[in-house]
Amino acid sequence: MGLVIVPLKKDKLGEWKKWAESLNGDQKQAFDEFNQKHGITRHDAWLAETPDGPVVVALHEGPGADDFMQNVAESDGDFETDFKEKLMEFHGMDLSGPPPGPMPVKMISS
C-alpha cells in the first residue's frame with residue numbers, strides 16, 4: 001500500500017476539484033487503464049482541510065503500489081505525462097527527482 005499526503009496550492013483548489021471529478025467522469029476509463037497498467041487495484045484521494053491549508057491524501061493499493069510513484073515518474077505514456085503535469089501544477093510535486101526531505105517513518109503498528 002502506498003499513502004501520499006501532499007499540500008494543495010490554495011489558489012488551485014477549484015481546478016483540483018474539477019480534475020478529481022473528471023477522473024470519476026469523462027476520464028474514468030483512461031484513469032482505470034492507468035491504474036491497471038501500474039498494478040493499482042484501489043486509488044482513492046481525499047481532500048482534507050488543515051489550519052495550514054488544503055492537503056490531498058492519496059491511497060494506492062495493489063501489487064504495484066510500492067513502486068507506483070517511481071513507475072509513473074519513469075513512464076512517458078500520455079496519461080502519465082498529464083498526471084505528472086497535474087501533480088506539478090496542483091502540488092508543486094516534481095516526480096523527475098527524489099521527494100524533498102526524508103521519507104516517512106512508521107512509528108505505530110498494530
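The values are calculated or read from the model by the stated rules, or taken from the named source; none is laboratory data. All of these numbers come straight from a predicted model, not from anything done at the bench. Cβ sites come from the backbone with ideal geometry, for glycine too, and all protein chains shown count toward neighbours. Just so you know, the surface numbers come from the protein's heavy atoms only, side chains and all, with ligands and any DNA or RNA stripped out. Shrake-Rupley method; radii C 1.70, N 1.55, O 1.52, S 1.80 Å.
Can you tell which of Gly77, Gly39 is in contact (Cβ under 8 Å) with a residue 24 or more places away in the chain, in contact with a helix residue (DSSP H, G or I) (Cβ under 8 Å, 6 or more places away or on another chain) and surrounded by fewer than 16 Cβ atoms within 10 Å (Cβ to Cβ)? Reasoning before the result, please.
Working: Gly39 fails: surrounded by fewer than 16 Cβ atoms within 10 Å (Cβ to Cβ).
Testing whether each residue is in contact (Cβ under 8 Å) with a residue 24 or more places away in the chain, in contact with a helix residue (DSSP H, G or I) (Cβ under 8 Å, 6 or more places away or on another chain) and surrounded by fewer than 16 Cβ atoms within 10 Å (Cβ to Cβ) leaves just Gly77.
The rows are residues; the columns are (1) in contact with a helix residue (DSSP H, G or I) (Cβ under 6 Å, 6 or more places away or on another chain); (2) of a type in the set (Phe, Trp, Tyr); (3) modelled with pLDDT under 90; (4) within 23 Å of Asp32 (Cα to Cα).
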| residue | (1), (2), (3), (4) |
| --- | --- |
| Thr50 | no, no, no, no |
| His60 | yes, no, no, yes |
| Lys84 | no, no, no, yes |
| Glu89 | no, no, no, yes |
| Pro100 | no, no, yes, no |
| Met103 | no, no, yes, no |
| Ser110 | no, no, yes, no |
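For (1) in a strand (DSSP E or B); (2) out of contact with any Leu (no Cβ under 7 Å at 6 or more places or on another chain), each residue gets a yes or a no:
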site	(1), (2)
Trp16	no, no
Gly25	no, yes
Phe34	no, yes
Asp44	yes, no
Pro54	yes, no
Pro63	no, yes
Asp66	no, yes
Leu87	no, no
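Which one of these does Ala58 not meet: (1) in a helix (DSSP H, G or I); (2) closer than 14 Å to Leu3 by Cα?
Tallying (1) in a helix (DSSP H, G or I); (2) closer than 14 Å to Leu3 by Cα, Ala58 fails exactly one: (1).
Name the pairs whose Cβ atoms lie under 7 Å apart, with the first residue in the stretch 18-36 and under 15 Å from Lys86 (Cβ atoms), the second open to solvent by less than 50 Å² (accessible area, probe 1.4 Å) and of a type in the set (A, V, I, L, M), and 6 or more positions between them or separate chains?
Phe31/Leu23
Residues checked against (1) of a type in the set (A, V, I, L, M, F, W, C); (2) open to solvent by 50 Å² or more (accessible area, probe 1.4 Å):
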position: Phe34; (1), (2): yes, no
position: Ala45; (1), (2): yes, yes
position: Ala48; (1), (2): yes, no
position: Glu61; (1), (2): no, yes
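Got at least one residue in the stretch 17-25 being small (Gly, Ala, Ser), farther than 25 Å from Pro102 by Cβ and either open to solvent by 50 Å² or more (accessible area, probe 1.4 Å) or under 14 Å from the mean Cα position of the chain (by Cα) (or both)?
Of the residues in the stretch 17-25, the ones small (Gly, Ala, Ser) are 20, 22, 25.
With farther than 25 Å from Pro102 by Cβ added as a condition, the list becomes 20, 22, 25.
Checking the rest, the ones that are also either open to solvent by 50 Å² or more (accessible area, probe 1.4 Å) or under 14 Å from the mean Cα position of the chain (by Cα) (or both) come to 20.
There is at least one residue in the stretch 17-25 that is small (Gly, Ala, Ser), farther than 25 Å from Pro102 by Cβ and either open to solvent by 50 Å² or more (accessible area, probe 1.4 Å) or under 14 Å from the mean Cα position of the chain (by Cα) (or both).
Identify, by number, the condition in (1) in contact (Cβ under 8 Å) with a residue 60 or more places away in the chain; (2) more than 11 Å from the chain's Cα centre (by Cα) that Met93 doesn't meet.
Failing condition for Met93: (2).
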